[in-house]
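S.K.: Can you keep this structure in mind? I'll have questions shortly.
The values are calculated or read from the model by the stated rules, or taken from the named source; none is laboratory data. Predicted model only: the values in this text are computed from it and were never measured. Cβ placement follows ideal geometry from the backbone for every residue including glycine, while neighbour counts extend to all protein chains displayed. Note: accessible area is taken over every heavy atom of the protein model, side chains too, but ligands, DNA and RNA are not part of it. Shrake-Rupley method; radii C 1.70, N 1.55, O 1.52, S 1.80 Å.
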Amino acid sequence: MEMIKLKPVFKQMIWGGNKLRDEFNYPVDFDNCGECWGISAHQNGDCTVAGTEYDGMKLSELYAAHGELFGSLKSERFPLLTKIIDARADLSIQVHPDDEYAFEHENGSYGKSECWYVIDAEPGSTIVIGHNAKDSAEVKDMIEGRRWSEFIREIPVKAGDFFMINPGTVHAIKGGTLILESQQNSDITYRVYDYDRLQNGKPRDLHVKQSIDVIKAPFVDEKPFIDPDVTKNTCMEQLVTCEYFSVWKLDVDGEKTVLQDQACMLMSVIDGEGTVNGEKLVKGDHFILPFGYGEAKLEGKMNIIVSSPRR
Ligand code: ZN
């Protein structure tokens, strides 16, 4: 059985930098590329399979036609999305709904749980996770009163940090940070605050009502949940397991063997180079080990982020 290699989709963003082109050597022919959608079957950025008998198919098509490659999941659409995000400037402060709210208010869409592995952060960088309101009434007061500096919880960030962002959590990536995001396959975002910036002379729309509806209060700073029974592979460091996915960090220096014991395993090489079962891998490669793949022998010096869907 062969791995499924994917061609990413690139997104120009007003806040994007040039590290995806300059440091990851992606074929990006424009400036300010903020996002590389490395493993995605979303309609706003559907990756193309490179190689194998499925060459040229979209990931969404492959999932629909060959669900068995992904472990015959219950999910109607491919459930996860992996992105690398290069923020030169601050992103707006936002929050995502859960499945229930999104289904009801966003045309049957999925909600969004996401998590961030920080690949790189310039010295002094910060990130927004959570808020300081004591309850939902105070969330409303602080947002409607535009008391942003009181409301927003901003913390220092460095390479190697990991954050789980459950639905209802206020969050924002700030300038100078490069992250790998593993998330549910959803694009539903409510913008809470955009630093009063203008785009083409106008402020971008805010979603005040939806934000107040979905923000959970008070914010609780919990450690990501770890489930030691989710895999037999002790050579991977588990970062989180939630209802929708598990995520691990896999550092290879020499040789490591991973047994594909999940529905499918999504892998992204965030640094270094090497091989998987003899096939060359470089920084920036994204691929899926299908259901029943067996053992993956990884050789070289590489840092890989692995994720697997849970439903
Ligand atoms: Zn988000």
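S.K.: Which length gain, in nm to one decimal place, applies between ARG153 and ALA65 when the Cα-Cα distance is subtracted from 0.36 nm times their residue separation?
M.R.: Numbers: separation 88, 0.36 × 88 = 31.68 nm, distance 4.43 nm.
Fully extending the segment from ARG153 to ALA65 adds 27.2 nm.
S.K.: Determine the order of PHE163, PHE287 by accessible area, beginning with the largest, at a probe radius of 1.4 Å.
M.R.: PHE163, PHE287
S.K.: Then there is this: Which value, in debye to the nearest 20, gives the size of the charge dipole of the range 4-214 about its Cα centre, when Lys and Arg are +1 and Asp and Glu are -1 at the Cβ?
M.R.: Value, rounded to 20: 340 debye.
S.K.: Rounded to the nearest 0.05, what FRET efficiency is calculated for GLU237 and GLU144 with R0 set to 45 Å and r the Cβ-Cβ distance? Working shown, then result.
M.R.: Working: r = 42 Å, r/R0 = 0.94.
Plugging the Cβ-Cβ distance into 1/(1 + (r/R0)^6) gives 0.60.
S.K.: Right, something else. For every helix of n ≥ 4 consecutive DSSP H residues, a contribution of -39,500 (n - 2.57) applies; sum these over the chain, divide by its total residues, and give [θ] at 222 nm rounded to the nearest 500 deg cm²/dmol. List each step's numbers first, then the result.
M.R.: On the way: 6 runs with 38 residues, N = 311.
Calculated from helices alone, the mean residue ellipticity at 222 nm is -3000 deg cm²/dmol.
S.K.: Pick out, from VAL240, MET267, SER211, the residue whose Cα sits farthest towards the positive end of the charge dipole of the range 182-280, with +1 on the Cβ of Lys and Arg and -1 on the Cβ of Asp and Glu.
M.R.: It is SER211.
S.K.: Same structure, new question: HIS66: accessible area at probe 1.4 Å, nearest 10 Å²?
M.R.: Roll a 1.4 Å probe over it and HIS66 shows about 50 Å².
S.K.: In terms of the Cα gyration tensor, with a ≥ b ≥ c the square roots of its eigenvalues, is the range 68-128 rounded because a/c is under 1.5, prolate because a/b exceeds b/c, or oblate? Mind showing how you got there, number by number?
M.R.: Details: a/c = 3.56, a/b = 1.61, b/c = 2.21.
Since a/c reaches 1.5 but b/c is at least a/b, the shape of the range 68-128 is classed as oblate.
S.K.: Same structure again: Taking all protein chains together and a probe of 1.4 Å, list SER109, SER268 from the most accessible to the least accessible.
M.R.: Details: SER109 25, SER268 0 Å².
Ranking SER109, SER268 by accessible area, largest first, yields SER109, SER268.
S.K.: Hey, another quick one. Does the range 194-236 come out rounded, prolate or oblate by the C-alpha gyration tensor, with a ≥ b ≥ c the root eigenvalues, rounded set by a/c under 1.5 and, if not, prolate when a/b is larger than b/c and oblate if not? Don't skip to the answer; put the middle values down first.
M.R.: Numbers: a/c = 4.16, a/b = 2.31, b/c = 1.80.
In terms of gyration-tensor shape, prolate.
S.K.: Students sometimes get this wrong: rank LEU198, LEU298, LEU259 by accessible area, probe 1.4 Å, all chains present, largest first.
M.R.: Values: LEU198 115, LEU298 0, LEU259 70 Å².
I get LEU198, LEU259, LEU298, largest accessible area first.
S.K.: Now for a different question. Taking the Cα centre of the range 237-309 as origin and charging only Cβ (+1 Lys, Arg; -1 Asp, Glu), how large is the dipole, in debye to the nearest 20? All intermediate terms of the calculation are to be shown ahead of the outcome.
M.R.: Details: 6 positive and 12 negative charges, 20 e Å.
Approximately 100 debye in magnitude.
S.K.: Sticking with this structure for a sec: What lysines could a cross-link reach from LYS209, if we take a straight Cα to Cα line under 30 Å and drop same-chain neighbours fewer than 8 places away?
M.R.: LYS11, LYS83, LYS112, LYS134, LYS140, LYS174, LYS223
S.K.: State the percentage of accessible surface on the chain attributable to carbon and sulfur atoms; use a 1.4 Å probe and exclude ligands, DNA and RNA.
M.R.: After summing per-atom areas, the C and S share lands at 47 percent.
S.K.: With unit charges on the beta carbon (Lys/Arg positive, Asp/Glu negative), name the residue among ILE39, SER186, GLY56 whose Cα is farthest towards the positive pole of the charge dipole of the chain.
M.R.: Checked the options; the winner is SER186.
S.K.: Just going by the charge dipole of the chain, with Lys and Arg at +1 and Asp and Glu at -1 on Cβ, which of ILE165, PHE291, MET13 is farthest out on the positive end?
M.R.: The Cα lying farthest towards the positive end belongs to MET13.
S.K.: For the chain, what is the per residue volume of the convex hull drawn over the alpha-carbon atoms, in cubic angstrom? Provide the component values of the computation, followed by the final result.
M.R.: Working: hull volume 41.4 nm³, N = 311.
Enclosed volume per residue, from the Cα hull, is 133 Å³.
S.K.: Using modelled amide H (1.01 Å from N, peptide plane; none on Pro or chain starts), what sits under 5 Å from the amide H of LEU281, excluding residues fewer than 5 places away?
M.R.: GLY274, THR275, VAL276
S.K.: For the pair GLU255/ASP271, report the inter-label distance in nm, with labels modelled 7 Å from Cα in the Cβ direction.
M.R.: Here the answer is 2.5 nm between the modelled labels.
S.K.: Let me ask something else about it. How far apart, in nm, are the 7 Å Cα→Cβ label points at ASN18 and LYS283?
M.R.: 1.7
S.K.: In whole Å, what is the distance between the alpha-carbon centres of the range 239-275 and the range 58-90?
M.R.: Result: 16 Å between the Cα centres.
S.K.: Within the range 72-124, report the trypsin sites (Lys or Arg not before Pro) that DSSP leaves as loop and that have at most 13 other Cβ atoms within 10 Å.
M.R.: On the way: sites: LYS74, ARG77, LYS83, ARG88, LYS112; in loops: LYS74, ARG77, ARG88, LYS112.
Within the range 72-124, the qualifying trypsin sites (Lys or Arg not before Pro) (loop, at most 13 other Cβ atoms within 10 Å) are LYS74.
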